[in-house]
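The values are calculated or read from the model by the stated rules, or taken from the named source; none is laboratory data. Owing to the predicted nature of the structure, the values given are computational and were not obtained by experimental measurement. Glycine also receives a Cβ, built like all others from the backbone with ideal geometry; neighbour counts cover every protein chain displayed. With ligands, DNA and RNA removed, areas are computed over all heavy atoms of the protein, side chains included. Shrake-Rupley method; radii C 1.70, N 1.55, O 1.52, S 1.80 Å.
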Amino acid sequence: MGRAVLVNKMNRQILFNYIEEHLIVLAHRVKTRGKLNILDLHIHSENFYRDFLNLLYGWKLVNLNKVSQNVEAIDLIDSINKIVIQVSSTNTKQKIESALGKDSMANYNGWAFKFISIACDAADLRTKTYANPHGLNFSPTSDIYDVDSLIRE
């Protein structure tokens, strides 16, 4: 194995460990601080995940709160790739169905909807069926993300 290949593998491992550690710490802190009703990290997490997902997937996400304050059910939007994302520390079937059912989602018929669980494991949510009255493209198995699924990517 050449030196360059070895260095690349070492760098990849260092970067993986760094990203893994910080995602886990962020999730833990969001969960713990949420129980204390300290929600500042929730807001910062939207921007973090915007940048992280743009790097990871090549999307062009922007924080919708920068454009229009408190849009219901949508935190991040990519108008080029037609993606809307809800970033949440609450990961329940009701939370996802509530987002999919909001009247504002009718404006995004045919767009992809993705749900990012920033504090808890979402594996169970990927096994459920969801009401999707506004026809967004949403597959629970591939469109619900959590720390573990993002680390696997």
| request: For region 108-124, state whether one or more residues are more than 14 Å from the chain's Cα centre (by Cα) and under 28 Å from R29 (Cβ atoms). | output: yes
| said: Go through region 129-153 and report how many residues are open to solvent by 40 Å² or more (accessible area, probe 1.4 Å) and part of a helix (DSSP H, G or I). | reply: 4
| said: Looking at region 129-152, I want the residues that are under 30 Å from L15 (Cα atoms) and have a partner that is polar (S, T, N, Q) and in a loop (DSSP other than H, G, I, E, B) with Cβ atoms under 9 Å, at least 6 apart or on another chain. Which pairs are those? | reply: P140/T129; I144/N91; D146/N91
| remark: Filtering region 44-62 down to residues that are more than 19 Å from I151 (Cα to Cα) and under 12 Å from the mean Cα position of the chain (by Cα) yields L61
